[in-house]
Amino acid sequence: MNSLLLQALVPILLVILGYSFGRLAEKRHYSRIVQREAESLALPVIASRYPPESGKYQQVLVYGNAVISSDYFKAFLAALINIFGGKVTPYESLIDRARRESVLRMKDMAGGMNASYVFNVKFETARIAATRAGAMEVLVYGTALIAENSSDANDEV
C-alpha cells in the first residue's frame, strides 16, 4: 500500500515542483527581457526589406540566437493536450521568450558596431530536442546600417 502511494505521489510532486520552479524561472527571464528591451529602444529593428533612409552606410549582417527549454510541467501539459487535441499553448511562451531574447542578442551585436538601424529582419525557428520536454531555438538575423564617419567620406571625395 505504501509503495503504491509513493509511486502515485512522486509524479504528482515532480509536476508541482516543475510548475513552481518553471514559473519562477520564466518570470525572472521575462523581467530581464523587459528591462533589456527598455534599454535597447534607441536601436530600431525593422522588418522592411529596404533601409529606412538613404545615405552613406556600411551594411553588416547581424544575428542573435537563443535556445529555450521547456520545464516538466509544460511538457506534461502539452502531452495531455496532444492526447485530447487542441492548441498546444504551453509552448507559446517558450517561442515568445526565445524570439525576444534572440532579438536582444542581435541588438547587442549591432549596438557593439554602433549601428543606426537593423532592417530586413528574419526569424528561423527550430525544435532541437526530441525528448518529451523539448527545446526551441530561434535564430534572428538582419542587416545593420552603420553610419560611415564623415571624415572617411570626405577623404573619398
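What follows is calculated from the coordinates using simple rules that are stated; it is not laboratory data. Keep in mind the model is a prediction, meaning the values are calculated, not measured. A quick note on method: Cβ atoms are made from the backbone with ideal geometry, for glycine too, and the neighbour counts reach across all protein chains shown.
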request  = Work out, step by step, the length gained on full extension between N82 and I146: first 0.36 nm times the residue separation, then minus their alpha carbon distance; give nm to one decimal.
outcome  = 18.4 nm
note = Expressed in nanometres to one decimal, the distance between label points 7 Å along Cα→Cβ at F123 and A47 is 0.8
ask   = Listed highest first by mean packing, meaning other Cβ atoms within 10 Å per residue, what order do 5-14, 101-110 come in?
value = 101-110, 5-14
query = For K27, which lysines qualify as cross-link partners when the Cα separation must be under 17 Å and same-chain residues fewer than eight apart are set aside?
reply = K74
ask   = Which number comes out as Rg/Rh for region 46-90 once both Rg and the Kirkwood Rh are worked out on C-alpha atoms?
value = 1.36
query = When the dipole is taken about the Cα centre of region 2-156, and only Lys, Arg (+1) and Asp, Glu (-1) are charged at their Cβ, what size is it in debye, to the nearest 20?
reply = 840
inquiry  = Can you tell me which of A126, A98, A115 moves the most in a GNM of the chain? Springs connect C-alpha atoms under 10 Å apart.
reply    = A126
message = Angle check, please: helix 92-112 long axis (alpha carbons) against the longest principal axis of the chain (alpha carbons), in degrees 0 to 90, nearest 10.
response = 30
ask   = Which one of A25, L145, Q59 has its Cα pushed farthest toward the positive end of the charge dipole of region 2-156, where Lys and Arg give +1 and Asp and Glu give -1 at the Cβ?
value = A25
remark   = Rounded to the nearest 500, the 222 nm mean residue ellipticity computed for the chain from DSSP H runs (n ≥ 4, each -39500 (n - 2.57)) alone is -17500 deg cm²/dmol
remark   = Taking 22-29, 62-69 and ranking on average Cβ neighbours within 10 Å, highest first, one gets 62-69, 22-29
remark   = region 63-129, convex hull of Cα, quarter of hull surface, nm² -> 5.4
